[in-house]
1. Which of the residues belonging to region 23-51 are open to solvent by 40 Å² or more (accessible area, probe 1.4 Å) and within 13 Å of the ligand (Cβ to nearest atom)?
2. State whether the residues of region 78-85 include one that is crowded, with 20+ Cβ neighbours inside 10 Å, closer than 22 Å to Phe14 by Cβ and touching a residue at least 40 places away in the same chain (Cβ under 8 Å).
3. Counting just the residues of region 56-82 that are in a helix (DSSP H, G or I) and more than 10 Å from the ligand (Cβ to nearest atom), which one comes out nearest to Asn104 (Cα to Cα)?
4. Applying the selection to region 1-22, what residues are out of contact with any strand residue (DSSP E or B) (no Cβ under 8 Å at 6 or more places or on another chain), more than 8 Å from the ligand (Cβ to nearest atom) and of a type outside the set (Lys, Arg)?
5. Criterion first (over 29 Å from Leu125 (Cβ atoms) and within 11 Å of the chain's Cα centre (by Cα)) does Ile100 satisfy it?
6. Could you grab me the full set of residues in region 86-126 that are in contact with a helix residue (DSSP H, G or I) (Cβ under 6 Å, 6 or more places away or on another chain), open to solvent by 50 Å² or more (accessible area, probe 1.4 Å) and in contact (Cβ under 8 Å) with a residue 24 or more places away in the chain?
7. Given the conditions (1) among the basic types (Lys, Arg); (2) over 20 Å from Asp32 (Cβ atoms); (3) open to solvent by 70 Å² or more (accessible area, probe 1.4 Å), which single one is not true for Arg54?
8. When the residues of region 1-22 are filtered to those that are of a type outside the set (Ser, Thr, Tyr), open to solvent by 70 Å² or more (accessible area, probe 1.4 Å) and part of a loop (DSSP other than H, G, I, E, B), which remaining residue is farthest from Glu53 (Cα to Cα)?
Amino acid sequence: MKKLIEHAQEMRSFALAPYSGYTVGASVLTEDGTIVGGCNVESSSYSLTCCAERVALFRAISQGHRSFKGLAVATENGGSLCGACRQVVWDLCGDIPIFITDKNGKIDETTSAELLPGAFDQSMLK
Ligand code: THU
């Protein structure tokens with residue numbers, strides 16, 4: 001998990017965040033041990049911005065990965081995942097460990113179930 005967290009910290013340096021100045025890196029660990037990263041990418045039409053977590057997951061999905069074992073998120077202040085990303089992480093990963101780190105390397109460990117209690121998901125659609 002140390003490698004995953006360091007990867008997310010490195011991904012943060014690629015963030016394109018000219019409007020908020022809040023840079024985020026995220027890396028996901030796939031079932032086969034591959035690490036795929038992403039960063040936040042902002043738009044002048046603010047709502048089109050995509051968070052680092054979703055960039056990482058959508059990159060991994062588009063490379064053929066379907067099963068995930070962990071997620072690391074790196075921000076300046078250890079800020080948590082937004083609501084939209086919590087839903088997407090739950091949908092694509094189920095209950096996995098999530099490591100949130102700040103610029104000093106402090107690590108908070110949580111899980112996707114803890115971040116989205118009472119989640120809506122595909123089981124409601126059957
Ligand atoms: N952001 C993320 O990348 N992930 C989150 O979970 C929270 C927010 C980004 C979106 C935007 O570029 C900036 O942080 C400020 O909201």
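The values are calculated or read from the model by the stated rules, or taken from the named source; none is laboratory data. Computed from a predicted structure; not experimentally measured. Neighbour counts run over all protein chains shown; Cβ positions are idealised from the backbone, glycine included. The accessibility values were calculated without ligands, DNA or RNA, using every heavy atom of the protein model including side chains. Shrake-Rupley method; radii C 1.70, N 1.55, O 1.52, S 1.80 Å.
1. The answer is Val41, Ser44, Ser45, Tyr46, Ser47, Leu48, Thr49.
2. So far as region 78-85 goes, no, none of its residues is crowded, with 20+ Cβ neighbours inside 10 Å, closer than 22 Å to Phe14 by Cβ and touching a residue at least 40 places away in the same chain (Cβ under 8 Å).
3. Leu57
4. Those that are out of contact with any strand residue (DSSP E or B) (no Cβ under 8 Å at 6 or more places or on another chain), more than 8 Å from the ligand (Cβ to nearest atom) and of a type outside the set (Lys, Arg): Glu6, Pro18, Gly21.
5. In short, yes.
6. Arg86, Trp90, Leu92
7. Going through (1) among the basic types (Lys, Arg); (2) over 20 Å from Asp32 (Cβ atoms); (3) open to solvent by 70 Å² or more (accessible area, probe 1.4 Å) one by one, Arg54 breaks only (3).
8. Selected residue: Pro18.
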